[in-house]
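Each remark here refers to the structure printed beneath this line.
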Amino acid sequence: MKFKRIFLMVLDSLGVGEAQDAINFKDNGSNTLGHVIDSADLFLPNLKKIGLLDTINMSENDEVEAYYSIAKPINSGKDSLNGHYELVGIKNDYPFKTFNAGFTYDILAGISEITGRNIIGNYCCQDDSIIQELGDRQINYGSLIVYTSADSDLQVAAHEDCIPISTLHSYCEKIRDLTIKQDCHIARIIARPFNGKSGNYKFINSARKDFAVKPPKKTILDSLLEYNYSVIGIGKINDIFDKVGINKTIKAADNNEAINKLRDILDKKFTGLCLINLSDFDSYGHKRDLEGYASCIEELDVNIPIILNKLDLDDLLIITADHGNDPTFTGNDHTRENVPVIIYSRNFKEPKRLEPFNTLADVGATIADNFDLDPTEIGESFLDKLS
């Protein structure tokens, strides 16, 4: 069975239980979806129908309306880039680093040298508290607020009245080049301009700009473009792949906006792939905000019927994740987990449980198989298992 359009929805960080190598990451016992469900009284009738809840224990469900399984991560890191790389068929042994204890002197000295600015901050922060604390000082002295979110990122914040947004973007582009030269293994440099008054500073999310590293190898996205298929990225997809392999980018500030954009795209005529990243899950995971994470899952459940009803008969929807981020776990880092794989088409006759996939790359291999592209470096297609 071949499909004209494939929609790949990544529920950023919604893992379903520790991976076989979780102990190597000190993540044994993690289970993002399982622990959220155990800790919160959730009503998820629509996610239950498509088998998402069954992926926690891989239980049998004869009344399921979609194929369901789990995929095991094999890339070396548990960061967003490695997870997405694997989903599109790239084997990557390049683990990106996290800097929860702060960046090294060499990194900070290099930033100060190329920007001519002093550095303040240099700690891990998951929200806007760092600009509330250091915003006045940043404005008074023209410094740069440098911090990380516990992901593999280096974020730079400055008030737009002190440092123009275009200048901050230019600084971050230079910092991206610096960290590559220093071989720092930082996945993303992120410009975070803010505005407002003392005690009420706010990030300007529309002016945020990410500078990622380019994928280390050719992906199925590149191959799709070579064959003149559409590749649409919604949310932070364009940032993750550093604009490579995508010919239409749609920004979204949060999950709700991303889903609204997806609903618009579902009404358009195209042939190819649409990728959507729902990043709010990951944000709540880093903050260890169980209530926020649970709300995200319930909001997704409400939107599932709307999305499914908009699919054409020759459309395929794949729902998965890139890693875990258990809000009940210790620390603020991602957790090494298996990810769910939900596969839905209105044409399926008898959807059921599938055996676990040995890599997230089986998703990419299936997309390549569907569009008759060259086989991916890793992964096996499950297209012939769908009927």
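Things to note:
- Selected residue (only one of N100, N75 is in a loop (DSSP other than H, G, I, E, B) and not assigned by TED's automatic domain parsing to the domain that holds E355): N100
- In the set D369, D301, D384, only one residue is part of a helix (DSSP H, G or I), under 25 Å from R263 (Cα atoms) and of a type in the set (D, E); that residue is D301.
- Failed condition for S230, given (1) more than 26 Å from G116 (Cα to Cα); (2) outside the structural domain of D372 (by TED's automatic domain parsing): (2)
- Which listed residue is surrounded by fewer than 19 Cβ atoms within 10 Å (Cβ to Cβ), of a type in the set (D, E, K, R) and either within 28 Å of L311 (Cα to Cα) or in contact (Cβ under 8 Å) with a residue 24 or more places away in the chain (or both), from D62, D79: D62
- Qualifying residue in the range 286-298 (condition: acidic (D, E) and assigned to a strand (DSSP E or B)): no
- The number of residues in the range 200-213 that are out of contact with any helix residue (DSSP H, G or I) (no Cβ under 7 Å at 6 or more places or on another chain) and either among the hydroxyl-bearing types (S, T, Y) or on the phi > 0 side of the Ramachandran plot (or both) comes to 1.
- In the set D326, D322, only one residue is part of a loop (DSSP other than H, G, I, E, B), crowded, with 22+ Cβ neighbours inside 10 Å, of a type in the set (D, E, K, R) and within 13 Å of the chain's Cα centre (by Cα); that residue is D322.
- Residue selected from the range 30-43 under the condition within 22 Å of the chain's Cα centre (by Cα) and not β-branched (V, I, T), by the criterion surrounded by the fewest Cβ atoms within 10 Å (Cβ to Cβ): G34
Residue-wise test of (1) assigned by TED's automatic domain parsing to the domain that holds A71; (2) without any contact (Cβ under 8 Å) to a residue 60 or more places away in the chain; (3) of a type in the set (K, R).
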{"position": "K287", "(1), (2), (3)": "yes, no, yes"}
{"position": "I297", "(1), (2), (3)": "yes, no, no"}
{"position": "N303", "(1), (2), (3)": "yes, yes, no"}
{"position": "L317", "(1), (2), (3)": "yes, no, no"}
{"position": "D326", "(1), (2), (3)": "yes, no, no"}
{"position": "E350", "(1), (2), (3)": "yes, yes, no"}
{"position": "P356", "(1), (2), (3)": "yes, no, no"}
{"position": "L360", "(1), (2), (3)": "yes, no, no"}
{"position": "V363", "(1), (2), (3)": "yes, no, no"}
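- The range 35-72, residues that are hydrophobic (A, V, I, L, M, F, W, C), in contact with a Phe, Trp or Tyr (Cβ under 6 Å, 6 or more places away or on another chain) and in a helix (DSSP H, G or I): V36
- Some residue of the range 102-110 being at negative phi, at pLDDT 95 or above, surrounded by 23 or more Cβ atoms within 10 Å (Cβ to Cβ) and touching a helix residue (DSSP H, G or I) at 6+ places or on another chain (Cβ under 6 Å): no
- Qualifying residue in the range 250-258 (condition: more than 17 Å from the chain's Cα centre (by Cα) and in the same structural domain as N82 (by TED's automatic domain parsing)): no
- Count of residues meeting criterion [closer than 29 Å to C124 by Cα and at pLDDT 95 or above] in the range 311-333: 10
- Note on the range 151-250: no enclosed strands (runs of 3 or more DSSP E) hold 3 or more residues that are of a type in the set (S, T, Y), out of contact with any Ser or Thr (no Cβ under 7 Å at 6 or more places or on another chain) and modelled with pLDDT of 95 or more.
The values are calculated or read from the model by the stated rules, or taken from the named source; none is laboratory data. Just so we're clear, the structure is a prediction, and the values are computed from it rather than from any experiment. Reconstructed Cβ throughout: ideal geometry from the backbone, glycine too, with neighbour counts over all protein chains shown.
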